[in-house]
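Data first, discussion second: the structure below is written as structure tokens.
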Amino acid sequence: MENATPGASEAFYSGALTRIRNFMLALAPVIAIIAAVKFGRHAALGFMLGCVISYLNFHWLKSGVAGLADKVTNTGKSQPGKGIIARFLLRYALLGAAAYAILTSFPASLRGLFAGLFLPVGAIACEAVYELYAGIRRGI
């Protein structure tokens, strides 16, 4: 096992958000196929819709936090406060509209939608396992 330099560790851990996003993009279709086989087409469509919502939520939350950090530290290009709040509220409106549409159209796929909303949890778990592996293997 080799010891990594502090700069290598920092570079590795700074890529965590990108890796989490990539895990989300990889997990969604794999789990959707499994859901389609096990629970049917409607559940898989609900799951994919939940995945899309959770991916957008993750992306907007990441940019919202970055915008707030820029606003607080006054560095870089800051975003207007109203835009940050609007995106924050849009996430909940999007979730509510999707849940309503699914509930009125295909009630059986509502559980799939809620399962899809947990996509970031699975991606974060994959990232934790990967960081553990990299930490042991590379000494980061």
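Computed from the coordinates by the stated procedures, all read-outs in this text should not be read as laboratory data. Fair warning: this is a prediction, and the values are worked out from it, not measured in the lab. For neighbour counting, all protein chains shown are included, and Cβ atoms are generated from backbone atoms with ideal geometry for every residue, glycine included.
Quick rundown of the values:
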{"read-out": "Net +/- balance of residues flanking residue 132 in space, Cβ distance below 15 Å, scoring K and R +1, D and E -1", "value": "+1"}
{"read-out": "Isotropically averaged projected area of the chain, using the convex hull of Cα atoms (one quarter of hull area), nm²", "value": "10.3"}
{"read-out": "Chymotrypsin sites (Phe, Trp or Tyr not before Pro) restricted to DSSP loop in region 96-140 with at most 15 other C-beta within 10 Å", "value": "118"}
{"read-out": "About the Cα centre, charge dipole magnitude for the chain (Lys/Arg +1, Asp/Glu -1 at Cβ), debye", "value": "380"}
{"read-out": "Helical contribution to [θ] at 222 nm, DSSP H n ≥ 4, -39,500 (n - 2.57), averaged over the chain, rounded to 500", "value": "-29000 deg cm²/dmol"}
{"read-out": "The chain - percent relative contact order, Cα under 8 Å, separation 6 or more", "value": "44"}
{"read-out": "Axial C-alpha extent at least 18 Å, average Kyte-Doolittle at least 0.0 - helices from the chain (DSSP)", "value": "16-39, 41-73, 81-105, 119-138"}
